[in-house]
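Accompanying notes for the structure given below.
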Amino acid sequence: MATSPATTAQLPPEVVQCLENARFLHLATCHEQDPHISLMSYTYLPSTPYSSRPTIIMTTPPSSRKTTYLSANPKVSILVHDWVTHRPPTLGSEAQLSTSPDGGARSGLASLLYNINSASMSRISVSINGTAQLLPTASDEEAWYKARHKEHNTFGDMVDNSDVLAGSATEAGGAGCYIEDQEVRVVVVQLQDGRISDWKGMVKDWSIDGDQANGRLVNGA
């Protein structure tokens with residue numbers, strides 16, 4: 001049930017923490033009732049010289065479906081979380097918990113570590129609604145955002161998976177190899193509202209005032 005909204009000039013701290021901790025997000029776009037979702041690397045900035053609003057930066061190939069969809073419909077939804085989860089064991093898999101991959105008995109310490117790694121490592125996920133913009137190519141604004149995106153997504157050499165993680169640090173040459181591609185388009189998303197969901201099933205809705213950049217938080221179930 002909704003309560004009286006609290007007002008803040010910033011994103012909820014849980015949202016900021018999640019955006020700062022996670023490495024990838026899921027970007028949902030839609031055009032003519034045809035939805036599409038992409039796994040993306042990103043950069044979160046609380047403000048920029050071009051906007052006082054919280055902003056997410058991504059890059060995308062110009063020929064990708066999401067680029068086509070964003071050109072036609074700038075409304076997007078984003079899901080971001082930093083937890084690691086596995087399905088709980090079923091009756092058929094319980095025996096596997098007590099044995100190691102080679103068939104031998106699993107030690108007590110190994111079983112403890114297995115259970116820890118199988119548990120949720122974070123308490124919340126965040127869904128965000130916003131408006132995306134494909135920045136003008138070869139503009140100063142595009143160059144500024146691209147430089148910030150590169151700074152935040154250089155993780156060293158990675159396995160090539162660029163078809164799935166557009167704009168991420170997944171090419172053999174690192175993040176800069178892909179982000180600096182002259183053909184790549186820079187996407188910025190202005191955050192508007194969303195929902196925080198915790199592992200207990202509780203939710204908290206929030207929104208940012210378009211004029212004063214104030215966030216209104218509403219607790220719900």
Taking amide hydrogens as modeled 1.01 Å from N in the peptide plane, which residues meet the under 5 Å criterion relative to Lys75, leaving out close sequence neighbours? Ala132
Label 7 Å along Cα→Cβ of Leu134; the stretch 51-66 residues with amide nitrogen under 19 Å? 56-66
Under a Cβ-Cβ cut-off of 11 Å, what is the net charge of the residues other than Gln133 that fall near it, where Lys and Arg count +1 and Asp and Glu count -1? -1
Residue-wise, which Karplus ³J(HN,Hα) couplings in Hz belong to the stretch 130-145, taking 6.51 cos²θ - 1.76 cosθ + 1.60, θ = phi - 60°, and x for glycine or proline? x, 10, 9, 9, 7, 6, x, 5, 6, 8, 4, 4, 4, 4, 5, 5
Nonlocal amide H pairs with Arg185, under 5 Å, H built at 1.01 Å: Thr60
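Bear in mind these aren't lab numbers, they're just calculated from the coordinates by the rules spelled out. All values reported here derive from a predicted model rather than from experimental measurement. Virtual Cβ from ideal backbone geometry, glycine too; neighbours counted across all protein chains shown.
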